[in-house]
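Worksheet: the structure to be examined is printed underneath.
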Amino acid sequence: MRITPSLLNADFAKLGEEIARIPSADGIHLDVMDNHFVPNLTFGLPVVESLRAVTDRMLDIHLMIEDPDRWAPGYAEAGAESVTFHSEAVHAPVRLARELHRIGARVGVALNPATPASALSDILSEIDMVTIMSVEPGFGGQPFLDIVLPKVAQIHSMIHSSNLDIWVQMDGGVSPETIERCVDAGADTFVAGSAVFRSPDPDAMVNHLRTLATTRFASCGWGQQ
Ligand code: DX5
Ligand code: ZN
């Protein structure tokens, strides 16, 4: 069970310090938005390069941008350990995944709430992580969409039956109230933005979320499969 907090609700004036507040996190989720693929604008490669220079934490880049084929390799070249692009935006997913692997990054593919699991079925063997959006992408602090849970279960079973080692990441509205449902459906990696950075003790919240997920995992039966 991995917790990868999103900096979207952190203080953008001091991102380096915000990262230092969550030493227990398994990675740092960075939401890149271009105001085209989503109706919001955050930061791009120069900010990621600056963060790379001040931290050796795992950087988990979530590209909510058009034309990831053009932009994603730069993030891998900057030293991000994981680069995720959207299934709805990519033109040549196999070529892009192979290029990211060649540079040395893990590859994630993200699905919007209304995108079916079948969008992934032919490229699963090319990727390391599936990110299932449990909010419409673009903003932090939105309520969790339970309607995506059957898709998480479907993807978990596609991965399991193909004997692949692929992380299933849940992104959007993950909190102490929702994380156990995500574990039940088969998720193992959790992005939490507002739950962590609006908490008075962000690192304690990271540990709390991981404990909830791990305890649920031990009792829900996936571990025995
Ligand atoms: C949504 C982003 C997220 C998200 C996380 O477009 O991809 O990573 O904002 O924030 P919370 O946990 O507040 O939904
Ligand atoms: Zn994200």
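FYI, it's all coordinate maths here, none of it is from the lab. Values in this document were obtained by computation on a predicted structure and should not be read as measured data. Backbone-built Cβ (ideal geometry, glycine too); neighbour counts: all protein chains shown.
Quick look at the values:
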{"read-out": "Hits in the range 183-210 - residues which are of a type in the set (A, V, I, L, M, F, W, C), closer than 20 Å to Leu8 by Cβ and in contact with a helix residue (DSSP H, G or I) (Cβ under 7 Å, 6 or more places away or on another chain)", "value": "Ala187, Phe190, Ala192, Ala195, Val196, Phe197, Met205, Val206, Leu209"}
{"read-out": "Residue list for the range 16-35, restricted to those being more than 17 Å from Val191 (Cα to Cα) and either touching a residue at least 40 places away in the same chain (Cβ under 8 Å) or within 18 Å of the chain's Cα centre (by Cα) (or both)", "value": "Asp34"}
{"read-out": "Enumeration of residues in the range 1-57 that are in a helix (DSSP H, G or I) and within 13 Å of ligand 1 (Cβ to nearest atom)", "value": "Leu7, Leu8, Asn9"}
{"read-out": "Residue match in the range 114-124 (condition: surrounded by 15 or more Cβ atoms within 10 Å (Cβ to Cβ), of a type outside the set (S, T, N, Q), within 16 Å of ligand 1 (Cβ to nearest atom) and within 25 Å of Asn9 (Cβ to Cβ))", "value": "no"}
{"read-out": "Residues located in the range 90-112, provided they are surrounded by fewer than 23 Cβ atoms within 10 Å (Cβ to Cβ) and among the small types (Gly, Ala, Ser)", "value": "Ala92, Gly104"}
{"read-out": "Among residues of the range 113-146, those that are in contact (Cβ under 8 Å) with a residue 40 or more places away in the chain, touching a strand residue (DSSP E or B) at 6+ places or on another chain (Cβ under 7 Å) and closer than 15 Å to Gln169 by Cα, counted", "value": "6"}
{"read-out": "Members of the range 48-71 that are of a type outside the set (D, E, K, R) and under 15 Å from the mean Cα position of the chain (by Cα)", "value": "Met58, Leu59, Ile61, His62, Leu63, Met64, Ile65"}
{"read-out": "Hey, Pro143 assigned to a loop (DSSP other than H, G, I, E, B), out of contact with any Asp or Glu (no Cβ under 9 Å at 6 or more places or on another chain) and either among the β-branched types (Val, Ile, Thr) or surrounded by fewer than 16 Cβ atoms within 10 Å (Cβ to Cβ) (or both) or not", "value": "yes"}
{"read-out": "Residue check, Ala110 part of a loop (DSSP other than H, G, I, E, B), within 28 Å of Ile22 (Cα to Cα) and in contact with a strand residue (DSSP E or B) (Cβ under 9 Å, 6 or more places away or on another chain)", "value": "no"}
{"read-out": "Where Tyr75 falls short, out of the listed (1) farther than 22 Å from Ala13 by Cβ; (2) surrounded by fewer than 23 Cβ atoms within 10 Å (Cβ to Cβ)", "value": "(2)"}
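Yes/no per residue for (1) without any contact (Cβ under 8 Å) to a residue 40 or more places away in the chain; (2) over 20 Å from Asn40 (Cα atoms); (3) away from ligand 1 (no atom under 12 Å from the Cβ):
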position	(1), (2), (3)
Pro150	yes, yes, yes
Met158	no, yes, yes
Gly172	yes, no, no
Asp184	yes, yes, yes
Ala204	yes, yes, yes
